[in-house]
1. Work out from phi, with θ = phi - 60° and the Karplus expression 6.51 cos²θ - 1.76 cosθ + 1.60, the ³J(HN,Hα) of each residue of the stretch 383-393, listed in order in whole Hz, and give x for Gly and Pro.
2. For the residue pair ALA173 and VAL105, what label-to-label distance in nm results when each label sits 7 Å from Cα along the Cα-to-beta-carbon direction?
3. List the residues, sorted by chain then number, that are 5 or more residues from GLN238 or on another chain and whose placed amide H is less than 5 Å from its amide H.
4. Separation of the stretch 71-111 and the stretch 297-349 by C-alpha centroid, Å?
5. Helix 265-281 sits at what angle to the longest principal axis of the chain, using alpha carbons and giving 0 to 90 degrees rounded to 10?
6. Rounded, prolate or oblate: which fits the stretch 104-169 when a ≥ b ≥ c are the square roots of the eigenvalues of the alpha-carbon gyration tensor, with rounded for a/c under 1.5 and prolate only if a/b beats b/c?
7. Work out from phi, with θ = phi - 60° and the Karplus expression 6.51 cos²θ - 1.76 cosθ + 1.60, the ³J(HN,Hα) of each residue of the stretch 335-346, listed in order in whole Hz, and give x for Gly and Pro.
8. Mind checking the full-extension length gain between PHE17 and PHE194? Use 0.36 nm per residue of separation minus the Cα-Cα distance, one decimal, nm.
Amino acid sequence: MTTADEIRAPVRLEGKFKAMMVCFVLGLGSLVAWNSMLTIGDYYYQLFPKKYHPSRVLTLVYQPFALGTMAILAYKESKSNTRKRNLFGYTLFFASTFLVLILDVATSGKGGLGAFIGLCVLSACFGVADAHVQGGMVGDLSFMCPEFLQSFFAGLAASGALASALRIVTKAAFEKSHNGLRKGAMLFLAMSTFFEFLCILLYAFVFPKLPIVKYYRSKAASEGSKTVSADLAAAGIQTAANNGDEDDVKPQERLSNKQLFLENIDYAIDLFLIYVLTLSIFPGFLYENTGSHGLGSWYAPVLIATYNVWDLISRYIPLVESLKMESRKGLMIAILARFLVIPAFYFTAKYGDKGWMILLTSLLGVSNGYLTVCVITVAPKGYRGPEQNALGNLLVLCLISGIFAGVALDWLWLIGKKEGF
């Protein structure tokens, strides 16, 4: 067994690139299941009556469970076992995605109210899993190097881009066959289930044993973090906490969650506003309020794919230091300026053609990805391990709060459409 002190001794930090790749896959697994549900929205709109508003309702069910669970986990962050938390989240993602497949098979793809309620229950499970994984991973990576956070958030965006690309391929492949949409959706969900299983294996057996990850977790443990004990034990590293000698662990002063929140309230507002705007438009508005134009049934999938691809690309821009925005005032101004796209989307949907709508959707994706990574990587700087972990959880709570508010506001587009505005 290796001791934490030995790991903290000056050593060559090997495995950084491999860790970044693993973080990317773990980020992808954090949302690929949910993005699969959103991306096969065209199948659900065929399967269920349009009055059910599948895309909007499933998202609205998902978010309260994600927000409520995240609020509880953020409050109890300092006492949680990060390893158990993340493994539970990925396992729940895997089980829920598999059950979506089973539900479709059991009902023979015939839809109905019972099947829709079942989907809503599984959507709630996705929300619980998201809160466990996203908050746990961001908190864990916040006391490591910023590139790990960037890779994880790039993986989040890649899940959407991958889902959209696969959806377009499967839609094209099965479009003219009998039950083509269903066959494509089933293949899609099967691949998502595989990705979730892969994430369980990577987090359980690969990530904790990388030298650079062991170094950062040992450093966090030396600064008083108790959340990393189980992961260090899995990597074969002894600490006083995982040896059961908690009396030997000297408590260290750290800022409370309230102090951390107040010191970073502008970053919290930034993330809230980013996702309020994004989710008030994506995906519900793009599915139901943009018409069909010349692309017919391809229009919504193309818009969703456009958003996801640009969201992914933009998350790599901050890796270029000269292009990374770190000014707190600059970030706030840029985020507030994004709200100008709301009237732009409204008038484009009413009077514009598909070219302008694709351009606006691209702008929405670029700004969402770039600003998210800038905020999430800059905020933890200057704090110690336990504080960075706590701040990561608080920022994810604000992000999910913004998503919830955005989803609720998205219904205003639907009300406006019914009223003829």
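The values are calculated or read from the model by the stated rules, or taken from the named source; none is laboratory data. Not measured: the values here are computed from a predicted model. Virtual Cβ from ideal backbone geometry, glycine too; neighbours counted across all protein chains shown. Accessible surface is based on the protein model in full, side chains and every heavy atom, while ligands, DNA and RNA are left aside. Shrake-Rupley method; radii C 1.70, N 1.55, O 1.52, S 1.80 Å.
1. 10, 8, x, x, 6, 5, 4, 4, 5, x, 5
2. Spacing of the two 7 Å Cα→Cβ label points: 1.8 nm.
3. THR2, THR3, ALA4
4. 29
5. 20
6. Numbers: a/c = 5.33, a/b = 1.88, b/c = 2.84.
In terms of gyration-tensor shape, oblate.
7. 5, 5, 5, 4, 5, 5, 6, 4, x, 5, 5, 4
8. Gain on extension, PHE17 to PHE194, equals 61.4 nm.
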